[in-house]
Every structure is written in structure tokens, then in C-alpha cells.
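Read the structure below first, then the notes.
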Amino acid sequence: GSIFIRAIRPSSDGLIALIKIDPKGKPSFHSKQLLDIYSDGYVVEISHFGSGSDSVLAYITTMGKIFGWDLRSQDVAWKLSTMPKYGLVTAMTVDPHQNWLALGTSLGYHLVWDMRFHLPIRHWQHNGHGGTGYIHRVHALSANPFHHSSVISAVSGNNEVSMWDMETTTRRQMLWASPLPPFSKMTDDPQQKSTVRCLCVGTIDDNMVMFTGGTDRKIRLWDINKPSCSSCLVSPCSRTEKLTVEYKESIIEGIEVVQETSSIKKLQSNQELVSLEDPSKAHLDIITDLAIIGGSSTPQPLLASCSQDGVLKLWK
């Protein structure tokens, strides 16, 4: 059977429990780890990786500690830690080939560890745009399945998502879903406050795609190879409004930028919209996580989304 991993969050006593699900869907207790919440902190994020004989559960804590729990031996295989000057660790992703682990922090830092030697090898900070000093908190990270030396990062403001080259610590590509021009300085403009809180990467017809969700309660599908084919799958517009979006690609300061532009059209009373954009189908609160259920061999993979109010939705 498969294993479902559950981390009990800061309101708990630091327990990480593994529940085994048998083919009939019956859960049973598998194993657990108990953190010392006073010295280790609370669990912030969990990621499982393994191949062949390896099966490791990596988790980070509010104290900046990174644990690798070997699920086969039931022991902590390794333990790493970050320096407080980089800020609170807020996001994590692991290379599918287990070569590196990347962290994002509340101060906009990206930290990369070589997992073969358990050593820090790269770090850089998102310094904002135009030298404003605005701190872009890192909310989500993901490995790039097509470029193993790059990491995908979602930061606060303008629904910004960037692909960073870890070798050179430079940005290769940026996704921008904001009415303001790309690389605009952060101000008090409420239009800039929309932030991607979660993302997940997959493939469609061997093309890389990315789903994003966040504070504006929209779920977007970004076609990385064909940006014009990107779309807004779910929107909280009312039934008497139709959202039209376009995605355009340009090169700005040597960086490939994909920008979303949108407009809303008022419909007549007899033209009420019934689609994914129907507000009854959109989340009513901030979207906090996304996951693709099933792979390329699955007849019909599903997209799972959950929001801050505890609602979980599945999309075909």
C-alpha cells in the first residue's frame, strides 16, 4: 500500500506521523518522530524523496533545522541547520535525483545544499525591483524537471514566480500576473499585493506546465514552452462577469518574462457564466497548496487545491 505523511503543525506537540494505507483504503499507524519543540521548533514543510533502496523524509523547522528521516531504518540519517541571519525558513524543495536541497526564507534568501556531502553550496537574495528595499518573502519552491540546475521560486507581490539558475544565481525566466509592468517597484498599490502561495509542476504532452494559486484565489495554468497557451482555470469573478486573459512573452533586462494581462466584461442578466469561473466553484479563501494526483500513466490526472479555510477541491 501507499504511505500518507502527516505533519501536525505549530499548534501541536511536534509529532510527525506516518500512516500506512492498505489497498482497501484502511489506515493504520506506521511510525513516528517527535520533535523537541523548544530546541528544534515546529515543522514548517515536509518533502519525501527516494529511489532504489533510499526513502527519506526531509522536514524543516521554525528553528532553521533540516532533518532527514530514513524511513527504512527509522533513524534520523542527517541533520543540518541554517543561520538565523537568512531569516525564517518558509519553503523547501528537493531535487528528484537527490543531488541538492533548496530552501527559501522570510527575508527572500534562497539557500542550496549539496546533499551528496550535506554542505551549503549557494545562496542569494531576491533584492526586489528598482532598489526599493522591499523584502520578497519566498512562499513556495519547486525543482524544475527539465533543467536540473534551476529552481522555481514564488515570492510576495505581483503574483511573481521566477526560475533561478543555481550555478550562476541569476534569473532565467519570470512569470508576472499583475496589472503593473514587470519589475515594477513595490508600493502601497493594492494591485501589487496579490501573491502566489503555492505551485506545482507537471507535464502535458511532454511540455512543462505549472499550476499556481494564491491570495487572489485564482488557479493559473502556465505553459512554460508555449506561454500564449497559458490560462486562468479558476477565477472568483461573479456570474455576471467574464474574465478574459492573455499571456505575452518578452525579453526584459535579458530575462524571459511571461506577463498576464486581463480584462473583465459585464454580461447581460440572461448570459450568466456557468464554467470553472463560476464563483460557486472558486475558493472563498487564499489558496495554500496545489498537487497533481496521478501521473502521465493515469487516464485522467486530477488537480487538488486547498485553501486557508480548510476547503479541499479536486479538478478534472
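The values are calculated or read from the model by the stated rules, or taken from the named source; none is laboratory data. For clarity, every value in this text was computed on a predicted model and none was experimentally measured. When we count neighbours, we look across all protein chains shown, and the Cβ atoms used for this are built from the backbone with ideal geometry, even at glycine.
Determine if the stretch 160-182 includes at least one residue that is loosely packed, with under 15 Cβ neighbours inside 10 Å and of a type in the set (Gly, Ala, Ser).
no
Test residue 228 against the criterion of being hydroxyl-bearing (Ser, Thr, Tyr), within 23 Å of the chain's Cα centre (by Cα) and loosely packed, with under 15 Cβ neighbours inside 10 Å, and give yes or no.
Spelling it out, residue 228 is indeed hydroxyl-bearing (Ser, Thr, Tyr), within 23 Å of the chain's Cα centre (by Cα) and loosely packed, with under 15 Cβ neighbours inside 10 Å.
One residue is enough: does the stretch 119-126 have a residue meeting the conditions among the charged types (D, E, K, R), surrounded by fewer than 16 Cβ atoms within 10 Å (Cβ to Cβ) and farther than 24 Å from residue 282 by Cα?
no
Do you know which residues across the stretch 196-229 are under 19 Å from residue 243 (Cβ atoms), of a type in the set (S, T, N, Q) and either modelled with pLDDT of 95 or more or assigned to a strand (DSSP E or B) (or both)?
Hits for the stretch 196-229 are 212, 215.
Can you tell me which residue is modelled with the lowest pLDDT among those in the stretch 274-296 that are more than 24 Å from the chain's Cα centre (by Cα) and of a type in the set (Gly, Ala, Ser)?
At the first step, the residues of the stretch 274-296 found to be more than 24 Å from the chain's Cα centre (by Cα) are 274-275, 278, 280.
With the extra rule that they be of a type in the set (Gly, Ala, Ser), the set shrinks to 275, 280.
Values: 275: 51, 280: 61.
The selected residue is 275.
Check the stretch 255-273 and report whether any residue there is of a type in the set (Asp, Glu) and modelled with pLDDT under 90.
Yes, that holds for at least one residue.
Conditions (1) surrounded by 20 or more Cβ atoms within 10 Å (Cβ to Cβ); (2) within 22 Å of the chain's Cα centre (by Cα); (3) modelled with pLDDT under 95; (4) charged (D, E, K, R), marked per residue:
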residue	(1), (2), (3), (4)
47	no, yes, yes, no
58	yes, yes, yes, no
67	yes, yes, yes, no
88	no, yes, yes, no
110	yes, yes, no, no
116	no, no, yes, yes
138	yes, yes, no, no
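Answer yes or no as to whether residue 250 is at pLDDT below 65 and either under 25 Å from the mean Cα position of the chain (by Cα) or surrounded by 11 or more Cβ atoms within 10 Å (Cβ to Cβ) (or both). Step through it out loud before you land on a result.
Details: at pLDDT below 65: no; either under 25 Å from the mean Cα position of the chain (by Cα) or surrounded by 11 or more Cβ atoms within 10 Å (Cβ to Cβ) (or both): yes.
The answer is no for residue 250.
Taking the options 64, 41, name whichever one is closer than 28 Å to residue 201 by Cα and touching a Ser or Thr at 6+ places or on another chain (Cβ under 6 Å).
Just one listed residue meets the conditions, 64.
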